Amino acid sequence: MNVVVINASPRKRGNTAKLCKSVVDGAKDNGSDVKYIDLYSYDFKGCMSCFACHLKKNFENPLCFWRDDLKEILKTCLNADSIVLGTPIYYGSISSYAQAFLERLLFAADTYLIDEDGNRVSKIKKEVKTAMIYTMNVPKEMDYFNGEDQLAIMRGYLTAIFGECESLYAYDTKQFKQYSAYVNNMFDPDLKEESEKTQFPKDLKKAYELGQRLSVE
Ligand SMILES: Cc1cc2nc3c(=O)[nH]c(=O)nc-3n(C[C@H](O)[C@H](O)[C@H](O)COP(=O)(O)O)c2cc1C
């Protein structure tokens, strides 16, 4: 199986990257070929609304026509059996790079056609498993998540256009090595330390298992 794992956090060694790398390990251990991508290393835009992908003559082509660094990454994704996108939560939503990537991935593979059953017609003719990984500061109990509806909408489009979309939430992540150096009375450094020791390893394990699951035909 070909698996693409994308870290849409600017931090290459942060929480999201660690979870993404755990997915890579799980997928590799189950025999997959894996490509790991740090999205913030590339220079690209979100959908430019050029509509080249929606022209009749391009009906068979699910690859975004806009030429920038993302084009090769999108090509890799279209050849994959599974696509995993990890993102930190920024103000209740996915990172701007994750959003830009999804706009380009989804819109070029999507159509304005509805079939007899009322479903939108996707240009992707095989089932591609997808997954979203979200990391965030708040503890699970805080249930702040008025962003969840928006996250679910994007997962709905991934499911409709590519295939079933799993999600993995990592709450209560440790943001700073040394909390005492930063302006903060919102997060208890001791609780963050505790969460990193007890909760984060469980999240890493879930990510590893996700990688293994995505590598099964
Ligand atoms: C600009 C910005 C906005 C953030 N907004 C939220 C938020 O709305 N909710 C939350 O729980 N954490 C928020 N965070 C914290 C990050 O989501 C969290 O620390 C995440 O695990 C960071 O991932 P990383 O280590 O991969 O960079 C925010 C962080 C930044 C930099």
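Overview of results
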| read-out | value |
| --- | --- |
| Inter-probe distance in nm under a simple model that places probes 7 Å from Cα toward Cβ, at Tyr42 and Phe59 | 2.9 nm |
| Size of electric dipole in region 2-214: Cβ of Lys, Arg +1 and of Asp, Glu -1, about Cα centre, debye, nearest 20 | 700 debye |
| Solvent-accessible heavy-atom area per residue, rounded to whole Å², over the chain at 1.4 Å | 55 Å² |
| Förster radius 41 Å - calculated FRET efficiency between Asp117 and Asn184 (Cβ-Cβ, nearest 0.05) | 0.20 |
| Cα principal axis extents for region 11-82, largest first, Å | 42, 27, 14 |
| Accessible area of region 2-214 belonging to carbon and sulfur atoms, whole % at 1.4 Å probe | 51 percent |
| Karplus-derived 3J(HN,Hα), 6.51/-1.76/1.60, for each residue of region 57-74, Hz, glycine and proline x | 5, 9, 4, 7, 9, x, 9, 4, 7, 5, 9, 8, 4, 6, 4, 5, 5, 5 |
| Karplus-derived 3J(HN,Hα), 6.51/-1.76/1.60, for each residue of region 163-174, Hz, glycine and proline x | x, 2, 10, 8, 9, 10, 10, 10, 8, 6, 6, 8 |
| Cross-link partners of Lys45 among aspartates and glutamates (Cα-Cα below 15 Å; sequence separation of 8 or more within a chain) | Asp68, Asp69, Glu72, Glu103 |
| Proportion of all alpha-carbon pairs of region 101-212 beyond 24 Å (%) | 44 percent |
| Pairwise label distance in nanometres, Tyr90 with Lys140, each label 7 Å out on the Cα-Cβ vector | 2.7 nm |
| Helix axis angle, 189-214 relative to the chain longest principal axis, alpha carbon, degrees | 30 degrees |
| J(HN,Hα) series, region 34-51, from Karplus relation 6.51 cos²θ - 1.76 cosθ + 1.60, nearest Hz, glycine and proline x | 10, 10, 10, 10, 8, 4, 6, 7, 10, 9, 7, 10, x, 4, 9, 6, 7, 6 |
| Set of aspartates and glutamates near Lys140 by C-alpha distance (under 20 Å), chain-local residues within fewer than 8 positions excluded | Glu148, Asp149, Glu166, Asp172, Asp188, Asp190, Glu193, Glu194, Glu196, Asp203 |
| Extension gain (nm, one decimal) between Lys12 and Arg213, 0.36 nm per residue minus Cα-Cα | 69.9 nm |
| Fraction of beta bridges assigned by DSSP in region 2-214 that are antiparallel (%, nearest 5) | 10 percent |
| Sum of side-chain charges, Asn7 neighbourhood, beta-carbon under 11 Å (Lys, Arg +1; Asp, Glu -1) | +4 |
| For the chain: relative contact order, % (alpha-carbon pairs under 8 angstrom, 6 or more apart) | 28 percent |
| Amide proton proximity set for Phe65, modelled H, under 5 Å, gap of 5+ | Cys53 |
| Isotropically averaged projected area of the chain, using the convex hull of Cα atoms (one quarter of hull area), nm² | 13.0 nm² |
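The values are calculated or read from the model by the stated rules, or taken from the named source; none is laboratory data. Everything numeric in this text was worked out from a predicted model, so none of it was measured. No Cβ is skipped: glycine too gets one built from the backbone with ideal geometry, and neighbour counts run over all protein chains shown. Note: areas computed on protein heavy atoms with side chains; ligands, DNA, RNA excluded. Shrake-Rupley method; radii C 1.70, N 1.55, O 1.52, S 1.80 Å.
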